[in-house]
1. Test of understanding: extend the Cα→C-beta vector of residue 42 to 7 Å, then name every residue of the range 56-70 with backbone N under 17 Å from that spot.
2. In whole Hz and in residue order, list the ³J(HN,Hα) couplings for the range 20-29 that follow from phi through the Karplus curve 6.51 cos²θ - 1.76 cosθ + 1.60, θ = phi - 60°; x for Gly and Pro.
3. Can you divide the C-alpha Rg of the chain by 2.2 N^0.38 Å and report the result to two decimal places?
4. Compute the helix-to-body angle for 37-48: its Cα long axis versus the longest principal axis of the chain, expressed 0 to 90° and rounded to tens.
5. Past 27 Å, Cα to Cα, is the threshold; run 46/69; 16/70; 7/36 against it and keep the listed order.
6. Using the heavy atoms of the protein chains alone and a 1.4 angstrom probe, what is the accessible area of the chain per residue in square angstrom?
7. What does the accessible area of residue 37 come to, in Å² to the nearest 10, when a probe of 1.4 Å is used?
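The values are calculated or read from the model by the stated rules, or taken from the named source; none is laboratory data. For clarity, every value in this text was computed on a predicted model and none was experimentally measured. Reconstructed Cβ throughout: ideal geometry from the backbone, glycine too, with neighbour counts over all protein chains shown. The protein model used for the area step is the full one, side chains on, heavy atoms only, and it has no ligands, DNA or RNA in it. Shrake-Rupley method; radii C 1.70, N 1.55, O 1.52, S 1.80 Å.
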Amino acid sequence: MYEVRIKGTIQCNGPKTINRVVIMDKTQMQMFTGSKRYEAIEGWIKANYPGAKPKGSYRDFGVESKPVKK
């Protein structure tokens, strides 16, 4: 399992900063760090924040991942 931290700013009735940590398995984590990571970030934002748009672009979002310590 991996901790994936998603950071960025969305526009939803004013600017809102996102700094969320999500626990994922290795396959899901690789989607957020691979070549199509911006599509994965866009899908995650649309699922968790309906109607929100990025402040600039989805390329302004950052993702950090690290293994979960047991």
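1. 56-63
2. Per residue, the Karplus-derived 3J(HN,Hα) values read 10, 10, 10, 8, 9, 7, 4, 5, 5, 4 Hz.
3. 1.09
4. Taking the Cα atoms of the chain, the angle to 37-48 is about 70 degrees.
5. Over 27 Å Cα-Cα: 46/69; 16/70.
6. 70 Å²
7. Around 90 Å² of this residue is reachable by solvent.
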